[in-house]
1. If the cut-off is a Cα-Cα distance under 18 Å, which aspartates and glutamates reach K91, setting aside same-chain residues fewer than 8 apart in sequence?
2. What is the distance, in nm, between label points placed 7 Å from the Cα along the Cα-to-Cβ direction at Q83 and at K47?
3. Could you list the trypsin sites (Lys or Arg not before Pro) in the stretch 80-142 that lie in coil according to DSSP, counting only those with at most 16 other Cβ atoms within 10 Å of their Cβ?
4. ³J(HN,Hα) across the stretch 43-53 via Karplus (A = 6.51, B = -1.76, C = 1.60, θ = phi - 60°), whole Hz, x for Gly/Pro?
5. Would you work out what percent of the accessible area of the stretch 1-97, with all protein chains in place, is carbon or sulfur (probe 1.4 Å)?
6. Does anyone have the angle between helix 32-41 and the longest principal axis of the chain? Alpha-carbon axes, 0 to 90°, nearest 10?
7. Leaving out ligands and nucleic acids, note down the accessible area per residue over the chain with a 1.4 angstrom probe, in whole Å².
8. Over 19 Å between Cα atoms: which of K90/K115; K79/K115; K2/K115; K61/K115; K35/K90 fall into that group?
Amino acid sequence: MKIAVLGCGAIGGLFLGYLSRKNQDVIGIVRDYQKNVFNQQGLIISKGGLDEIIHVRADTKLDEEVDLAIFASKINDLKQIVQDNLDYLKKATAFSTQNGLQADYILREYFPENKIITAIVMFGATFYPPNRIINNFDGGLVIGNIFGQKMSSFKEVSDYLKGIFEISES
């Protein structure tokens, strides 16, 4: 599964780091100041006083299609990050990590309702630019589709993420 994490601050950075541990076909879409640091120094994730350096791949825009697009940008940046990468998101399942439902309604402007997975993030992190993340506390993800749609990709995405996060399906 080709995965893009779009927005790699605290939560997006944890997704990028933990997914990169499992799968080399993951790219983080980051801000300009993060790109070279992420690619050259990796992502530093601190947990329980221990640092782990995870080698990641990052760019400022997609240059290939992905199967799963995890949106972790700030809500005010969401439309722009989708528009900037839309050519490579046409076949993707959209996975929203923003609190609240506004992101899902924004994503619905670009993706069919049966291609949007909503996540409630139950873990916490703090981002220290350019490439350090503190994993403050563990938790899982509650995932579902707020539009009540049957999704052909839901089980595949859920099963994939279960190897990394605790998943509850709603």
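The values are calculated or read from the model by the stated rules, or taken from the named source; none is laboratory data. No experiment lies behind these values; they were computed from the predicted model shown. Quick reminder, even Gly has a Cβ in these numbers, built from the backbone with ideal geometry, and neighbours come from all protein chains shown. Note: accessible area is taken over every heavy atom of the protein model, side chains too, but ligands, DNA and RNA are not part of it. Shrake-Rupley method; radii C 1.70, N 1.55, O 1.52, S 1.80 Å.
1. Correct list for K91: D25, D63, E64, E65, D67, D104, E109, E113, E156.
2. With each label placed 7 Å out from Cα toward Cβ, I get 3.7 nm.
3. K90, K91, R108
4. Each residue's phi maps through the Karplus curve to give 10, 9, 10, 9, 8, x, x, 10, 9, 10, 9 Hz.
5. Roughly 44 percent, rounded to a whole number.
6. Taking the Cα atoms of the chain, the angle to 32-41 is about 60 degrees.
7. It amounts to 49 Å² per residue over the chain.
8. Long pairs (Cα-Cα over 19 Å): K61/K115; K35/K90.
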